[in-house]
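Encoded as structure tokens, the structure appears first; notes follow it.
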Amino acid sequence: MNIHRQDTAIVFIDPQNEVLSEKGSAWPLVRESLQENNTIENMERLFKAAKAKEFEVFISPHYFYPTDKGWKFNGPLESDEAASGMFARKGVLNLDGLEGSGADWLERFKPYIEDDKTIVVAPHRVWGPETNDLVLQLRKRKISKIILGGMLANMCVESHLRELLEQGFEVAVAKDATAAPKHPEWGYGYQAALINYAYLAHAVFTTEEAVKAMEHGQQ
């Protein structure tokens, strides 16, 4: 991939407390992977580099509203999310209780996300961007290349990767700017994600490689 700020953007999936904070519901399962990959620090490096080099940044968040409790069927992880109240909001137009909740941004990322320049798209409802406006927002800004990071590596990040590829984008993944659960029954999702990234993505970067590519592609 040739990275240029005119046609390349950073897309972060779910930079939220539930999956990044010690207080988040997923912390017991993702803690080791976050530490092994230095995920939070690497995500911040990408935020800083993107802002410094004037690359556009998009956020695809995960929210659930009270009406979503009416879903009649769910997969295993969806069932866990519903039972634990992960990413819960009080309503589409209601911000009560959002500040500091599991659905809120990780505090250290707020200066980058809430700078009036970052594009926060509508929430995705399951794993991929098929249910939000990420693709529309990218197309409207003539973005054709994407560097992905965020959470969870084998679920929302991989699902975004697959759909964006189907939509005709060139997509790289910053493999150490993501992490995944170590589940006692389902296994370590990060290993599965890395294999699929290698098969699918146009590039699999370290954060260091992604930052260097952005520096070279600033002009």
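The values are calculated or read from the model by the stated rules, or taken from the named source; none is laboratory data. Values in this document were obtained by computation on a predicted structure and should not be read as measured data. Glycine also receives a Cβ, built like all others from the backbone with ideal geometry; neighbour counts cover every protein chain displayed.
Counting the residues of segment 103-124 that are within 15 Å of the chain's Cα centre (by Cα), in contact (Cβ under 8 Å) with a residue 60 or more places away in the chain and outside any strand (DSSP E or B) gives 9. Among the residues making up segment 192-219, those that are surrounded by fewer than 14 Cβ atoms within 10 Å (Cβ to Cβ) and assigned to a helix (DSSP H, G or I) are 195, 198, 199, 208, 215, 216. Does segment 143-162 contain any residue that is over 14 Å from residue 11 (Cα atoms), in contact (Cβ under 8 Å) with a residue 24 or more places away in the chain and not in a helix (DSSP H, G or I)? Checking segment 143-162: not a single residue is over 14 Å from residue 11 (Cα atoms), in contact (Cβ under 8 Å) with a residue 24 or more places away in the chain and not in a helix (DSSP H, G or I).
Criterion first (at pLDDT 95 or above, in contact with a helix residue (DSSP H, G or I) (Cβ under 9 Å, 6 or more places away or on another chain) and within 25 Å of residue 137 (Cα to Cα)) does residue 110 satisfy it? Considered against the rule, which asks whether it is at pLDDT 95 or above, in contact with a helix residue (DSSP H, G or I) (Cβ under 9 Å, 6 or more places away or on another chain) and within 25 Å of residue 137 (Cα to Cα), residue 110 comes out as no. With the condition kept exactly as written, say whether any residue in segment 20-40 is among the charged types (D, E, K, R), out of contact with any strand residue (DSSP E or B) (no Cβ under 7 Å at 6 or more places or on another chain), closer than 21 Å to residue 153 by Cα and assigned to a helix (DSSP H, G or I). Yes, segment 20-40 contains a residue that is among the charged types (D, E, K, R), out of contact with any strand residue (DSSP E or B) (no Cβ under 7 Å at 6 or more places or on another chain), closer than 21 Å to residue 153 by Cα and assigned to a helix (DSSP H, G or I).
Conditions tested, residue by residue: (1) closer than 22 Å to residue 51 by Cα; (2) touching a helix residue (DSSP H, G or I) at 6+ places or on another chain (Cβ under 7 Å).
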{"position": "119", "(1), (2)": "yes, yes"}
{"position": "140", "(1), (2)": "yes, no"}
{"position": "161", "(1), (2)": "no, yes"}
{"position": "175", "(1), (2)": "yes, yes"}
{"position": "217", "(1), (2)": "yes, no"}
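Out of the residues in segment 1-22 that are charged (D, E, K, R) and more than 14 Å from the chain's Cα centre (by Cα), state the one that is modelled with the lowest pLDDT. Selected residue: 5.
When only residues in segment 23-73 that are over 16 Å from residue 11 (Cβ atoms) and touching a His at 6+ places or on another chain (Cβ under 9 Å) count, which is modelled with the highest pLDDT? Filtering first and then ranking leaves 29.
Screening 80, 116, 96 for residues that are out of contact with any Asp or Glu (no Cβ under 9 Å at 6 or more places or on another chain) and either aromatic (Phe, Trp, Tyr) or within 30 Å of residue 186 (Cβ to Cβ) (or both) leaves exactly one candidate, 80. Every test in (1) basic (Lys, Arg); (2) surrounded by fewer than 18 Cβ atoms within 10 Å (Cβ to Cβ); (3) farther than 24 Å from residue 9 by Cβ is passed by residue 182 save one, and that test is (2).
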